[in-house]
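The values are calculated or read from the model by the stated rules, or taken from the named source; none is laboratory data. The model shown is predicted, which means the values in this text are computed figures rather than measured ones. Here Cβ is always computed from backbone atoms with ideal geometry, including for glycine, and neighbour counts include all displayed protein chains.
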Amino acid sequence: MFEKIALVGIGLIGSSLARVIRREGLAGHIAIATRSLDTLKRAEELGLGSSYSTSAAEAVKGADLVIVSVPVGSSGAVAEEIAPALKPGAILTDVGSTKGSVIAQMKPHVPEGVHFIPGHPLAGTEKSGPDAGFAELFENRWCIFTPLPDTDPDALEKLSQFWRRCGSNIDTMDPDHHDMVLAIVSHLPHIIAYNIVGTADDLQQVTKSEVIKYSASGFRDFTRLAASDPTMWRDVCLHNKDAILEMLARFSEDLASLQRAIRWGDGEKLFDLFTRTRTIRRSIIDAGQEVDAPDFGRQVAAHPEKLAKG
Ligand SMILES: NC(=O)c1ccc[n+]([C@@H]2O[C@H](COP(=O)([O-])OP(=O)(O)OC[C@H]3O[C@@H](n4cnc5c(N)ncnc54)[C@H](O)[C@@H]3O)[C@@H](O)[C@H]2O)c1
Ligand SMILES: O=C(O)C(=O)C[C@]1(C(=O)O)C=C[C@@H](O)C=C1
């Protein structure tokens, strides 16, 4: 599909892309760039690319497609670094978990004649680094684009074809809408998981070793996300602040209402909520999480009152 693809950032997402690009033969040359020499060496040991550099500007030279897969807080610095080396007509995209902030950081640096198409594959795990990636990561997952008003439709179609070859389903959204949807379906679950593990860790009456020893499937299932990369999630929180705070406010109100129902012994209220949420959770699983999650998010964003009322 492309003569040369440059991957800037070779962690979970970048290395999964490298693996699927190679498996599907999507590029003649895969140039890999990352900031840390250790990570770069590891990528080379794993045979992820055709060339390796700690200079992103060097890697993107002559590339037809450039995919930036770094923590969202580094997007602007990377765009500034690579801008003078980008080939006219190249497609520049990213995979960042937030879109409004990435666009604000990257767009001002993008030279005339380069097609900048912000993107986000809704696929991942709690692991990070080049060893964590795998070629199947994007299969049957959504990849959301948040095109800009001047996005070239042909470039968008070419990038969509690329992601389809990686196994993904494509959707497009307005960046603000994306950030609100992801705040509830992805960012809040991570924040809540981090928080509950912190709460358990701070308990005076229960020791840390008891938390570890007696974590049956409830705590285990619920807290998988709390092992996710701290840099990535610090950046997500700082770069989707408004939407996350909005969803956290709603969440806190609903939690207070649940707390009240428990205090006053309102069994009917508890039963009704748990029945309603069980139906939603089952429909997510029955329909295949990958297909249903963005739809659920979109429904929530379109009708936020349903989040509280059902
Ligand atoms: N992990 C997920 O579940 C997931 C899912 C979808 C999207 N994303 C997004 O993908 C991006 C990458 O996440 P990841 O999970 O692959 O992270 P990761 O920690 O596994 O990898 C990040 C990579 O970026 C490199 N890097 C950091 N700063 C850099 C810089 N200034 N210049 C060049 N390289 C730099 C690191 O060395 C590393 O190779 C993030 O924006 C994240 O929000 C993550
Ligand atoms: O499954 C996980 O571990 C993830 O964190 C994946 C997940 C998500 O929340 O769904 C995380 C961040 C992304 O931007 C996209 C996907």
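Do we have LEU40 as modelled with pLDDT of 95 or more and buried (at least 23 other Cβ atoms within 10 Å of the Cβ) here? No; evaluated as a whole, the condition is false for this residue.
For ALA123, the test of being more than 14 Å from ligand 2 (Cβ to nearest atom) and either assigned to a helix (DSSP H, G or I) or under 28 Å from GLU45 (Cβ atoms) (or both) is failed. Evaluation of VAL181 against the conditions (1) in contact with a strand residue (DSSP E or B) (Cβ under 9 Å, 6 or more places away or on another chain); (2) exposed (fewer than 15 other Cβ atoms within 10 Å of the Cβ) shows that the sole unmet condition is (2). Checked against (1) modelled with pLDDT under 95; (2) touching a helix residue (DSSP H, G or I) at 6+ places or on another chain (Cβ under 6 Å); (3) more than 23 Å from TRP142 (Cα to Cα), GLN204 passes all but a single condition, namely (2). For the range 80-114, a residue qualifies if it is surrounded by 24 or more Cβ atoms within 10 Å (Cβ to Cβ), within 23 Å of the chain's Cα centre (by Cα), free of Cβ contacts under 8 Å to residues at least 60 places away in the same chain and more than 21 Å from VAL181 (Cβ to Cβ), and exactly one does: LEU92. Being polar (S, T, N, Q), surrounded by fewer than 17 Cβ atoms within 10 Å (Cβ to Cβ) and either assigned by TED's automatic domain parsing to the domain that holds ALA83 or more than 21 Å from ILE91 (Cβ to Cβ) (or both) is a property that SER16 lacks.
Set side by side, the residues GLU44, GLU80 differ, and just one is in the same structural domain as THR125 (by TED's automatic domain parsing) and in contact with a Phe, Trp or Tyr (Cβ under 6 Å, 6 or more places away or on another chain), which is GLU44.
Number of residues in the range 93-122 that are out of contact with any helix residue (DSSP H, G or I) (no Cβ under 8 Å at 6 or more places or on another chain) and within 14 Å of ligand 1 (Cβ to nearest atom) equals 0.
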